[in-house]
Each structure stands twice: as C-alpha cells, then as structure tokens.
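Trainee: Okay, here's the structure, questions in a sec.
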Amino acid sequence: MSTAKLYPPSKDVKSANPLPQLVQTPSGLALLELQGTINLPEDAEGEVLGNVEIGRIDFPDYVPDAVGSAWMNRVHLFVGQHQRLNGEVKKLPKAMAVVQRRQNKVVSGSGGEVEEQGDNLEVVAIVKYKLLFSNRPEPVGTANAPA
C-alpha cells in the first residue's frame, strides 16, 4: 500500500508545468470532453508539431453580471478557420480535484525545523464543470470564423 499527504494549494508557488492550462469558463474551471480524435499536424519525420493551437472556445450567450445559467446551453469550439463544434456546459455530478506532486518542504514547528518525508501532493484546482462536444463539426466559412 502506498500513501501520500495531500495539501491545499499554495498561494505563492508558480509552476513551470509543461501541460496546457485548464479550460476556464465564466463559471470556473472545466474539463473538455470530445467524442473523437483531434489530428494534429506532423513534421516530415512524423513527429507531432509542438505548440499548435487546436481551437478557440466561444460562449455566445454569456453576458457578464447576468443572472442564471442559460448561457451554458451553447458553447462553440472553432477548429481552424473552417470547422465549428457545438456543445454545452454541464455541471459534474461530483467536483474533481486536480493535484500535482510537490517538492518536500522544510516545516517549522515546536520541535524545530523538519523536512517533510514521502510523497506529497498539492491541490492545484477544483473542477466543477465540463464542456461537452458530442456532435460532428460543422463547416463554417472564413467570413464567420474567428481571427
């Protein structure tokens, strides 16, 4: 059996995490659920190109300071200049915590300074929503596509 201690997020530590940032919606962080595969461009050797923008998320019905959640019924994911996925924002049945491994720290206590031992995890964020795109993309003209 393996155990790890779990800590709340620290306010002063910035991580140089190579993973993409979490999706931010007007109501908080969200997971992105796609039904299918995203084919990323490759170089001549067949390696996937790095730092490629997959798309842009748009909440067309969102109005700041508006009451209610009607804006959650429609969200668009523009893929390139010619495709748009239509989806919706769904509340997760149970919130999920995003955690990351953290370095052992020196803790000051009544017995002096002691370095933490073992595996330690830190909560990075709490996710309460998901963006669900379950239909095929629809074509859009370049005049309607985001810049």
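The values are calculated or read from the model by the stated rules, or taken from the named source; none is laboratory data. Keep in mind the model is a prediction, meaning the values are calculated, not measured. Positions of Cβ are generated from backbone atoms using ideal geometry, with glycine treated the same way; all protein chains shown enter the neighbour counts.
Trainee: For the range 54-71, indicate whether the set of residues that are modelled with pLDDT under 75 and exposed (fewer than 12 other Cβ atoms within 10 Å of the Cβ) is non-empty.
Mentor: Within the range 54-71, the subset modelled with pLDDT under 75 is none.
No, the conditions are met nowhere in the range 54-71.
Trainee: Taking the criterion of being surrounded by 10 or more Cβ atoms within 10 Å (Cβ to Cβ), more than 30 Å from Glu122 (Cβ to Cβ) and either of a type outside the set (Gly, Ala, Ser) or at pLDDT 75 or above (or both), would at least one residue in the range 16-39 satisfy it? Spell out how you get there, then give the answer.
Mentor: In the first step, residues of the range 16-39 are kept if they are surrounded by 10 or more Cβ atoms within 10 Å (Cβ to Cβ); the result is 22-36.
Add one more test, that the residue is more than 30 Å from Glu122 (Cβ to Cβ), and what stays is 35-36.
Restricting the remaining residues to those that are either of a type outside the set (Gly, Ala, Ser) or at pLDDT 75 or above (or both) gives 35-36.
Checking the range 16-39: at least one residue is surrounded by 10 or more Cβ atoms within 10 Å (Cβ to Cβ), more than 30 Å from Glu122 (Cβ to Cβ) and either of a type outside the set (Gly, Ala, Ser) or at pLDDT 75 or above (or both).
Trainee: Still on this structure, I have one more. Can you tell me which residues in the range 61-77 are β-branched (Val, Ile, Thr) and either in contact with a helix residue (DSSP H, G or I) (Cβ under 9 Å, 6 or more places away or on another chain) or part of a loop (DSSP other than H, G, I, E, B) (or both)? Spell out the reasoning first.
Mentor: Initial filter on the range 61-77 (β-branched (Val, Ile, Thr)): 63, 67, 75.
Within the range 61-77, Val63, Val67 meet the criteria.
Trainee: Then there is this: When you scan the range 34-83, how many residues do you find that are of a type in the set (Gly, Ala, Ser) and within 17 Å of the chain's Cα centre (by Cα)? Quick ask: steps written out before the conclusion?
Mentor: If we filter the range 34-83 for residues that are of a type in the set (Gly, Ala, Ser), which is where we start, we get 36, 44, 46, 50, 55, 66, 68-70, 80.
Add one more test, that the residue is within 17 Å of the chain's Cα centre (by Cα), and what stays is 55.
Going through the range 34-83 one residue at a time, the tally reaches 1.
Trainee: Find the residue count for the range 104-147, including only residues that are at pLDDT 75 or above, within 30 Å of Val89 (Cα to Cα) and either in a loop (DSSP other than H, G, I, E, B) or among the charged types (D, E, K, R) (or both).
Mentor: Residues that pass the stated criteria total 10.
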